[in-house]
Each structure stands twice: as structure tokens, then as C-alpha cells.
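Novice: The following block contains the structure, expressed as C-alpha cells.
The values are calculated or read from the model by the stated rules, or taken from the named source; none is laboratory data. Remember, it's a predicted structure, so these values are computed and weren't measured experimentally. Here the Cβ is made from the backbone with ideal geometry for all residues, glycine too, and neighbour counts use every protein chain on show.
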Amino acid sequence: MAAPLRVAIVGTGTWAEQHARIFSRRPDTELVGVLGRNQARTSARAAAYGTTPFTDLDDMLDTERPDLVTVCLPNEKHFEPTLRLVNAGIPLLVEKPLVFDLAEAHTLLDAAAARGLFFAINFNHRYAEPVQRAKAAIDDDVIGQPVFATWRFGGEANHGTSPHANLIETQCHGFDVLEHLVGPISSIAAQMTNATYGDWSTLALALEFEQRAVGSMLGSYDSSYAYPDSQRIEVNGTKGRLVIRDTVQELSIHRAGDETASVWRAGYFNDEARNFHGTFDRHVDALIDAFTAGGEPPVHARAGLRALELAMSAIESHNTGRRVATSPAGNDRHGGCARPAEGGPR
């Protein structure tokens, strides 16, 4: 039997605890260290998960020599520690968003590519049971050719230093899932408001897809995660429609002209599928399989760049009052980039 992978975690926040939970309990991984800025907090997290606390990155790398490092830091603080790890040649799983700046994103991906590094990002929404079933239904032509897709995701504000935190760090899931289900987004027209506390906390985007579908994204930090249907995905096709409610709660599929629906909900004993945190466990299952096989990550960090490119296109659209076209995913050295569009209203 192969020795467990040695995994270390950078970060001690709320979601970083999910990293600690997963990697400390898997039989094929060993949690060898947790790095944080605050000694007391870091020591408490390490003690809770049976590992070693560190407050110096180089010390952790030299002492533990991890096979894989996961990075889960405050959203605007990703770049510098991630670049240090890439330059040290460490395989990585990073939390979204990748970064808030396109030049920084390209720097990270170029440096990782030059070293041939395993470089994954945690877009865990892809691993929700309803999303996986929806993807299979679309691929199997159950709803026909998609012609309209919508994403809605709203909750309480996660305040940071960026005025576009909602768009870049939360709605990146929407860009990723919509392209995962429907294909590349080819243009964006945006409306945003900063009416509540000064940041662009609520936004509405009109989308055009390469395959001639259209769609919308509605994202809000002026809402609440306590509301039912705070997250909703709908894809309409030429043969039917599918709807996902609250990421893990429900998938319904209607056939065109049929007033009945096929509905998936987690069964009585199926706690795993109804658990949002379990979407991360599922991603890690796929990630460890790919890592040990020497393959590419199931969700490469390029997906983080792609989501950031689309967010920047939305910002440009809002600032200029014009629709902004985006290159096809994979068109540049990492995958799509924004380009000016020919006029037109938002």
C-alpha cells in the first residue's frame, strides 16, 4: 500500500477548517501541518486535527516536506503566498478566487506551467449531485440544445478590500458552472448597484454563449443565505428544462409539453449528497485520484483565471455602458481574455 500523501494547509479560517477536516480524516492523506499568522489560533486548529502548527512558511516546507499544499486565505491575500509556493515547486490546491488581478493570475499560471506543477482550484459547486446530474442530462440530450441559462446566487456580504468582491470571489462559481453546463460565454452586458454600502454589491448580467444560447446572472450581497432558493440554476433547452435549487437540495427536469417533472432529492439516508460541504470532499476524491495518477487536476487553476477574465469583462461593460465580448475559453496561453465589442446597449 502506498504511503499517505503528506498535505499541509495554509490558512486557519472557517473554510480552511474544511480542508483540515478532509485531509486529516482520509486514509490516503496525512495532515502534516497548518500554517497561520496567529500563533494561538494556529495552535488550536492544529491541536483539533492532530497536526503541527507553523507561523513561517519556509519552516513548514523545510520541516514537513509536504507532497501537496492547500491554500485557504482571505480573498485578497492569495497572490504572494501562492507565488512563493509555486516558486518553491510545490503542487497546489487553492481556494477561489485565484486572485483579483489578471496580471497576477497570469504570473501564477506561467510560473506553475514552467515548473510543470499540479495546480488545482476548488470550484466545488461542480461536484454537487444536482450539478453532476444536470451535466449528464445535458450531455445526453435530455433537454435538447440549451437556449437559455440563468444563475442566481445571493447572501450576506463578505466584506473585503475590493469593491467587486461579490462578482470576483462569489459569482466566480456562477461563471464556472454556467460554462461547465452550457459552454463558453462569448459576451457580457452588466448592470450593477452600490446603493447599500458603497461596493458593487448586487449585479445583473446579460450573457451570450458561443453555442447561441443566451442567459443571465443575478448576484447579490444584499440578500441572505437564510432565504430558500438563495441559489438557483435554470437551463432551458429545445426539449425541456432543468432547475437546480440551493446547489445540493434538488434537481427537477421537465420535458417540453409535459406538466409532470422528474425530481431528484437526497434520500433519507443520503446525508452525503445533501451536505454542501460534501461537495468539497467529492472534489478532493477526484483531485487525489488525478494527483496520484500523475494527471492534470480535475479543475485546473486555469478555471480561476477564466472566471476572473469574465468578471473583468462584466466590470468593463458596467464602466463603459457597452456589451463586452470575451475570447473563447482556451484562446490565449491559459484560456479566454476580454476584448472590446462593437457597441450596443447593455
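Novice: One residue is enough: does the stretch 188-209 have a residue meeting the conditions surrounded by 16 or more Cβ atoms within 10 Å (Cβ to Cβ), of a type outside the set (Gly, Ala, Ser), part of a loop (DSSP other than H, G, I, E, B) and in contact with a His (Cβ under 7 Å, 6 or more places away or on another chain)?
Specialist: The answer is yes, given that some residue of the stretch 188-209 is surrounded by 16 or more Cβ atoms within 10 Å (Cβ to Cβ), of a type outside the set (Gly, Ala, Ser), part of a loop (DSSP other than H, G, I, E, B) and in contact with a His (Cβ under 7 Å, 6 or more places away or on another chain).
Novice: Could you tell me how many of the residues in the stretch 250-268 are in contact with a Leu (Cβ under 8 Å, 6 or more places away or on another chain) and either over 20 Å from Pro228 (Cα atoms) or among the small types (Gly, Ala, Ser) (or both)?
Specialist: Qualifying residue count for the region: 2.
Novice: Here is a follow-up. For the stretch 55-69, check the following and say yes or no: at least one residue is closer than 26 Å to Glu169 by Cα and without any contact (Cβ under 8 Å) to a residue 60 or more places away in the chain.
Specialist: Within the stretch 55-69, one or more residues are closer than 26 Å to Glu169 by Cα and without any contact (Cβ under 8 Å) to a residue 60 or more places away in the chain.
Novice: If you don't mind, another one. Within the stretch 224-233, is even one residue within 14 Å of Phe153 (Cβ to Cβ) and outside the structural domain of Glu156 (by TED's automatic domain parsing)?
Specialist: No, there is no match, as no residue in the stretch 224-233 is within 14 Å of Phe153 (Cβ to Cβ) and outside the structural domain of Glu156 (by TED's automatic domain parsing).
Novice: Looking at Thr326, Thr279, can you tell me which residue is modelled with pLDDT under 95 and crowded, with 20+ Cβ neighbours inside 10 Å?
Specialist: Thr326
Novice: Would you check if there is a residue in the stretch 283-295 being buried (at least 19 other Cβ atoms within 10 Å of the Cβ) and in contact with a helix residue (DSSP H, G or I) (Cβ under 8 Å, 6 or more places away or on another chain)?
Specialist: yes
Novice: Follow-up. Restrict the check to the stretch 214-228 and report whether at least one residue is surrounded by fewer than 21 Cβ atoms within 10 Å (Cβ to Cβ), part of a strand (DSSP E or B), of a type outside the set (Asp, Glu) and under 20 Å from the mean Cα position of the chain (by Cα).
Specialist: Yes, the stretch 214-228 contains at least one residue that is surrounded by fewer than 21 Cβ atoms within 10 Å (Cβ to Cβ), part of a strand (DSSP E or B), of a type outside the set (Asp, Glu) and under 20 Å from the mean Cα position of the chain (by Cα).
Novice: Something else: For the stretch 173-230, which residues satisfy the criterion of being out of contact with any strand residue (DSSP E or B) (no Cβ under 7 Å at 6 or more places or on another chain) and among the charged types (D, E, K, R)?
Specialist: Passing the criteria: Asp176, Asp199, Arg212.
Novice: For the stretch 38-88, how many residues are outside any helix (DSSP H, G or I) and either surrounded by 21 or more Cβ atoms within 10 Å (Cβ to Cβ) or at pLDDT 95 or above (or both)?
Specialist: 20
Novice: Would you be able to say whether some residue in the stretch 130-150 is touching a His at 6+ places or on another chain (Cβ under 9 Å), surrounded by 17 or more Cβ atoms within 10 Å (Cβ to Cβ), over 22 Å from Arg255 (Cα atoms) and in the same structural domain as Gly257 (by TED's automatic domain parsing)?
Specialist: No, the conditions are met nowhere in the stretch 130-150.
Novice: What do you reckon, is Gly335 out of contact with any Asp or Glu (no Cβ under 7 Å at 6 or more places or on another chain), among the small types (Gly, Ala, Ser), at pLDDT below 95 and under 30 Å from Asp67 (Cα atoms)?
Specialist: yes
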